[in-house]
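**Student:** Quick one: the structure is below, questions incoming.
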Amino acid sequence: QVQLVESGGGLVQAGGSLRLSCAASGRTFSNYDMGWFRQAPGKEREFVAAITRSAGSSGYADSVKGRFTISRDNAKDTVYLQMNSLKPEETAVYYCAATPLRSKWLTTQYDYWGQGTQVTVSS
């Protein structure tokens, strides 16, 4: 089983930037595709970005393309989400997740989840 711990959330003004990190432990990190998701109050959890285990491919929700960048460092067992030009409507709890199944990497059906980190964007 993979344990995931997110960090880097906080309060930022609209137009600002944050970098989220997710540290993994428990299994070989490079055997997992990784994703970032978010859930705003009263809304369903939604896909934000994902990256394959070799970092050869990445995918994004249309709403964040060009502003968010997902990356990973397999030597540090960590995945990152650089978020620029943040908007108030992106206030949410952000989660990272892992899956060993390549077929799932662009879905919401990940197998292991962190506890989340709060991101609040003020207007």
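**Student:** Tell me which residues, restricted to segment 19-39, are surrounded by fewer than 16 Cβ atoms within 10 Å (Cβ to Cβ) and within 18 Å of residue 109 (Cα to Cα).
**Tutor:** Answer for segment 19-39, where residues must be surrounded by fewer than 16 Cβ atoms within 10 Å (Cβ to Cβ) and within 18 Å of residue 109 (Cα to Cα): 31, 39.
**Student:** In segment 60-94, which residues are among the hydrophobic types (A, V, I, L, M, F, W, C), open to solvent by 10 Å² or more (accessible area, probe 1.4 Å) and part of a loop (DSSP other than H, G, I, E, B)?
**Tutor:** 61, 75
**Student:** Determine which single condition residue 52 fails, assuming it passes every other condition in (1) closer than 15 Å to residue 98 by Cβ; (2) among the hydroxyl-bearing types (Ser, Thr, Tyr); (3) open to solvent by 30 Å² or more (accessible area, probe 1.4 Å).
**Tutor:** Of everything listed in (1) closer than 15 Å to residue 98 by Cβ; (2) among the hydroxyl-bearing types (Ser, Thr, Tyr); (3) open to solvent by 30 Å² or more (accessible area, probe 1.4 Å), residue 52 misses just condition (3).
Residue-wise test of (1) among the aliphatic types (A, V, I, L, M); (2) closer than 22 Å to residue 118 by Cα.
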{"residue": "15", "(1), (2)": "no, yes"}
{"residue": "18", "(1), (2)": "yes, yes"}
{"residue": "26", "(1), (2)": "no, no"}
{"residue": "40", "(1), (2)": "yes, yes"}
{"residue": "48", "(1), (2)": "yes, yes"}
{"residue": "63", "(1), (2)": "no, yes"}
{"residue": "86", "(1), (2)": "yes, yes"}
{"residue": "95", "(1), (2)": "no, yes"}
{"residue": "101", "(1), (2)": "yes, no"}
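**Student:** Mind listing just one residue for me: the one in segment 95-115 that is among the hydroxyl-bearing types (Ser, Thr, Tyr) and either surrounded by 15 or more Cβ atoms within 10 Å (Cβ to Cβ) or touching a Leu at 6+ places or on another chain (Cβ under 6 Å) (or both) and, of those, farthest from residue 29 (Cα to Cα)?
**Tutor:** The qualifying residue farthest from residue 29 (Cα to Cα) is 95.
**Student:** Kindly provide the set of residues from segment 69-90 that are in contact with a helix residue (DSSP H, G or I) (Cβ under 9 Å, 6 or more places away or on another chain) and within 24 Å of residue 44 (Cβ to Cβ), ordered by number.
**Tutor:** Correct list: 79, 83.
**Student:** A further question follows. Considering only strands (runs of 3 or more DSSP E) fully contained in segment 10-59, which possess at least 1 residues that are within 20 Å of residue 123 (Cα to Cα), of a type in the set (Gly, Ala, Ser) and at pLDDT 95 or above?
**Tutor:** 10-13
**Student:** Pairs under 9 Å by beta carbon, first residue on the phi < 0 side of the Ramachandran plot in segment 99-118, partner buried (at least 16 other Cβ atoms within 10 Å of the Cβ) and modelled with pLDDT under 90, six or more apart or different chains?
**Tutor:** Final answer for the pair search is 99/105; 110/104; 111/104.
**Student:** While we're looking at this one, here's another question. Taking residue 115 as meeting all but one of (1) of a type outside the set (Val, Ile, Thr); (2) more than 16 Å from residue 10 (Cβ to Cβ); (3) outside any strand (DSSP E or B), write down the number of the exception.
**Tutor:** (2)
The values are calculated or read from the model by the stated rules, or taken from the named source; none is laboratory data. All values derive from a computational prediction rather than experimental measurement. A quick note on method: Cβ atoms are made from the backbone with ideal geometry, for glycine too, and the neighbour counts reach across all protein chains shown. Keep in mind that these areas ignore ligands, DNA and RNA; they rest on the heavy atoms of the full protein, side chains included. Shrake-Rupley method; radii C 1.70, N 1.55, O 1.52, S 1.80 Å.
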